[in-house]
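Structure record follows, encoded as structure tokens.
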Amino acid sequence: MMAITIVFLGKLADHAGEPSREVPAPLDWAQLLASLEPDLAQAVTADTVRIAVNGTLLADKTALDAKDGAEIALLPPVSGG
């Protein structure tokens, strides 16, 4: 099976109930949101959540275009001081 790994970091992992999951490849922004539970998808659409594909941050997460074997990291805002 062609697959992409989605990695949930910080509070998003708590929201997802798991640190990562595999979904079918390829994957764009709409497909990513459709693969998530509604409340998790809503959390990911927040302006403060960033997306990295294979370690590279996307300037525009709606431009997501992940291929087989890619790792997508969902990065929540970091709090602290």
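The values are calculated or read from the model by the stated rules, or taken from the named source; none is laboratory data. None of these values were measured; they are calculated from a predicted model. Note that we place each Cβ from the backbone using ideal geometry, even for glycine, and neighbour counts take in every protein chain shown. Keep in mind that these areas ignore ligands, DNA and RNA; they rest on the heavy atoms of the full protein, side chains included. Shrake-Rupley method; radii C 1.70, N 1.55, O 1.52, S 1.80 Å.
In table form, for the structure just shown:
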{"quantity": "Nearest-0.05 FRET efficiency for Ala3 and Gln42, computed from C-beta distance (R0 25 Å)", "calculated": "0.55"}
{"quantity": "Residue-wise HN-Hα coupling along segment 27-39, computed from phi with Karplus coefficients 6.51, -1.76, 1.60 (Hz; x: Gly, Pro)", "calculated": "9, 10, 4, 4, 5, 4, 4, 5, 7, 9, 4, x, 5"}
{"quantity": "Whole-Hz ³J(HN,Hα) from phi, Karplus 6.51 cos²θ - 1.76 cosθ + 1.60, for segment 8-16, glycine and proline x", "calculated": "9, 10, x, 5, 5, 5, 4, 4, 6"}
{"quantity": "The chain - percent relative contact order, Cα under 8 Å, separation 6 or more", "calculated": "41 percent"}
{"quantity": "Surface accessible to a 1.4 Å probe, per residue, for the residues of the chain, Å²", "calculated": "59 Å²"}
{"quantity": "Amide proton proximity set for Leu64, modelled H, under 5 Å, gap of 5+", "calculated": "Trp29"}
{"quantity": "Rounded percent of accessible protein surface that carbon and sulfur make up, the chain, 1.4 Å probe", "calculated": "55 percent"}
{"quantity": "From phi via Karplus (6.51, -1.76, 1.60), per-residue ³J(HN,Hα) for segment 61-69 in Hz, x at Gly/Pro", "calculated": "5, 6, 8, 3, 8, 9, 9, 3, x"}
